[in-house]
Amino acid sequence: MRIFQRLWWFIKAHKKKYIIGILLLVACDVLVLLPPWLVGELINRMRAGTLHGQGLAWSVALIAALAFLLYAMRFSWRYYLFGASLVLEKTLRNRLFGHLTQMSPVFYDRRRTGDLMALATNDIVAIEMTSSMGILMLVDSLVMTVVALSAMVILISWKLTLAALLPLPLLAWATGYYGKLLHDRFFDAQTAFGRLNGHVQESISGIRVLRAFVQEQPDIISFTKTADDVMEKNIRVARIDALFEPTISLLIGVSFLIGIGYGTTLVFHSELTLGELVSFNLYLGLLIWPMLALGWLMNIVQRGSASWDRLSDVLEEKPEITGGTKFKGPENTHASLEMIDLTFRYPGQESAVLSNITLTVRPGQTVGIVGRTGSGKSTLMKLWMHFYTVPECTIYVEGIPIEQWNTAALRSRFGYVPQDHFLFSRTIKENISFGDEEASDEAIERALANAALKMDLARMPQGLATPVGERGITLSGGQKQRIGIARALVTEPEVLLLDDSLSAVDARTEETILSHLRRERSGKTTIIAAHRMSAVMHADRIYVLDAGRIAEQGTHFELMEQNGWYAEQFRRQQALATLEDEGEDA
C-alpha cells in the first residue's frame, strides 16, 4: 500500500474532493445495511402474524426511498473521487512532459522513445486507476466489512459470525501472494510494451528506408516477435488476474455454506430466529463485494505501484545541465567565445571525442570548422550550446565559464542549425517562426531571402501556409535545410552555428546563401562546420580537426600555403566542381 503514501502529496492538495467523496461512500455503506434488517423484520412479523398491509406498504416505500437516496449518493462520490483522479492524470502527464523537456541529450541516449511513450499512456493510466478505483476499493472494503461484521455480531450472533469468517485468513494470504506476483509480472509487461512502442516508432519513422532496402517482411517478422512477447507477458498477468475472483468466490462460498449450515442448527435450537438467519445471510452477501474489492484492490494497487516505480525512475533522474538563477549575461553584447584545453568524451565512453582543443572566436568573426567525418565537428557545435557537461573552465562565453551561465539565457544567444534538420508537422511559416512566434512578416521574408527560399516558395501553391508533413516529408533535403537556416536567422542570433547545414544544396545555392550571410550578419559571429571547403574559404579563421584535435588553423590563404589536408581537399573539390561545370556545359 506504499503507493498511497507516494500519492499523498496529491491527495492532500485535493483533500476536499477526497473527503467529500469518502464521506459519501461511507454513508452509502452504512445505509445499505438497512434493507437487510428491514427484510428480516418483515419475515419475523409475517411468522408472528403481526404484519398488515399498511406496515408492508410503509416498509416497501422506505426501501424504495433508500434506493433513490443511495443512487444519488453513489453518483456524487463517483463524481468527486473519479474527478480528482482525472486531475492527477493530467498533473502527472504535465509533470512528465515538463521533465522530459528539461533533460539533456545524455538522458535520451539512454532511454528508448517507446518506453517514454508507454509512461505517458499506460503507466499514468494505471496510477490514475489506483487513485480512483484503488481508494474506492480500499475505503469500501474496509468500511463495508467493519459495518457488516458489526451488524452481524451485534444484531445477529457473534458465534455464527465467527464461524462464517473462518476462511478469511486463507483469503488474506492468497491476495497477498497473488499481489506480489502481479506486481512483478505487470512491471515486465509494461517494459515489454515500451519496447513494442519503440519498435513501432522506429519503423514508422524509417518507413522509407525499410522500403528502399525491401525490409518490410523482416520488420514485420521482428514486430510479430515483439508483439508476441508483449502478449505472453500480458497473459502471465491475466493468469494472476484470473485467480483473484475464483479464489475469493470459493472462499465466500465456503463462508455461505458455514453460515447456512451452522445458522440452521442455531434456528433449530431456538438460538436464532428465521428472520435473523435471513438477515445474516443478506449481510453475508454484502461481504461478497468487499471481499472481491479486496482482490481487485490488490490487483490495481500492484499495477499502480509497478507503474509508479517506472515513472519515478524517470522523474527522479536529475538533468545534468540545469538553468537555475546563474549568470544571464548583459543584454545586447557581442559574444566572444573561447575554448581552453578542452577534452571531452561522451558519457559511458572511454575514448575522447575532442582532445586539447584551444580556440578563440572574437565578436563579429566568421569561423570555419572542417575535418574528416567523425573528427568532432558536430560535437564542438553542441558543446557551445552546453548540451553536454564539460570540464569546468574549459569553455567561455563573453568571458564567463559556460557552467555559470543560465542555460536558457545562454542558448538564446545562439541560432543553431543542426546536421540532422528536424521540421515539425506544421506549415512552413510556423516552422520558420518556431524560435520567435512573434516574428513579423518582414523578418520572416528577410529570413526566407537570406536562406534562398524565395523561388522555392513561389512554386508552392499555398506559399508560407504549405504544410510540410511529418518531419518535412513533402520537402527535399535542400529545402528542409534552408527552412532550418531561416528558422535560425529569424531570431537574429548573436552567434549563428551552422553544423554542415549546406550539404544538401548545390554549389550555386550555397554561394548565394553564404553571400547573404556575409552581408546580413556583418558584425555578428558565425561558426560554420562543413565538409565543402568552399563553405568556409571566406571565414576569418579556419580550424581543421583530425581525430578530435586541431591539426591545422589559419585563414584560407595560410592553409593553402601550409599545403596540408585542407589544401589537398580544396584542390580536389575545386577539380570536381570544374568537371561538373564542364559536364553541364556539354
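The values are calculated or read from the model by the stated rules, or taken from the named source; none is laboratory data. Quantities reported herein were computed from a predicted structural model and do not represent experimental measurements. Positions of Cβ are generated from backbone atoms using ideal geometry, with glycine treated the same way; all protein chains shown enter the neighbour counts.
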Output the number of the condition that Leu166 fails; it satisfies all remaining conditions of (1) in contact (Cβ under 8 Å) with a residue 40 or more places away in the chain; (2) assigned to a helix (DSSP H, G or I).
(2)
Name the pairs whose Cβ atoms lie under 6 Å apart, with the first residue in the range 118-129 and within 11 Å of Leu96 (Cβ to Cβ) and assigned by TED's automatic domain parsing to the domain that holds Arg95, the second assigned to a helix (DSSP H, G or I) and among the acidic types (Asp, Glu), and 6 or more positions between them or separate chains?
Ile124/Glu89
From the options Phe223, Phe256, residue that is under 22 Å from Thr121 (Cβ atoms) and of a type in the set (Phe, Trp, Tyr):
Phe223
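Kindly evaluate Ile220 against the criterion of being of a type in the set (A, V, I, L, M, F, W, C), in the same structural domain as Arg45 (by TED's automatic domain parsing) and either crowded, with 16+ Cβ neighbours inside 10 Å or touching an Asp or Glu at 6+ places or on another chain (Cβ under 6 Å) (or both).
No.
Regarding Ile473, is this residue of a type outside the set (Gly, Ala, Ser) and touching a Gly at 6+ places or on another chain (Cβ under 8 Å)?
no
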Restricting to the range 447-478, name every residue that is of a type in the set (Asp, Glu) and surrounded by fewer than 14 Cβ atoms within 10 Å (Cβ to Cβ).
Glu470
From Gly83, Gly55, Gly40, which residue is modelled with pLDDT of 75 or more and either out of contact with any Gly (no Cβ under 6 Å at 6 or more places or on another chain) or part of a helix (DSSP H, G or I) (or both)?
Gly83
Please go through the range 523-567 and give me each residue that is in a helix (DSSP H, G or I), among the polar types (S, T, N, Q) and within 24 Å of Gly415 (Cα to Cα), ordered by number.
Ser534
Counting residues that are assigned by TED's automatic domain parsing to the domain that holds Ala551, which strands (runs of 3 or more DSSP E) fully inside the range 362-420 reach at least 3?
366-371, 414-417
Which condition number in (1) touching a residue at least 60 places away in the same chain (Cβ under 8 Å); (2) not in a helix (DSSP H, G or I) is the one that Arg446 fails?
(2)
From the residues in the range 254-304 that are among the aromatic types (Phe, Trp, Tyr) and at pLDDT 75 or above, which one is farthest from Ile240 (Cα to Cα)?
Phe268
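If we scan the range 496-515, do we find a residue that is in contact with an Asp or Glu (Cβ under 6 Å, 6 or more places away or on another chain) and either over 25 Å from Ser336 (Cα atoms) or in a strand (DSSP E or B) (or both)?
Looking for residues that are in contact with an Asp or Glu (Cβ under 6 Å, 6 or more places away or on another chain) and either over 25 Å from Ser336 (Cα atoms) or in a strand (DSSP E or B) (or both), one finds none in the range 496-515, hence no.
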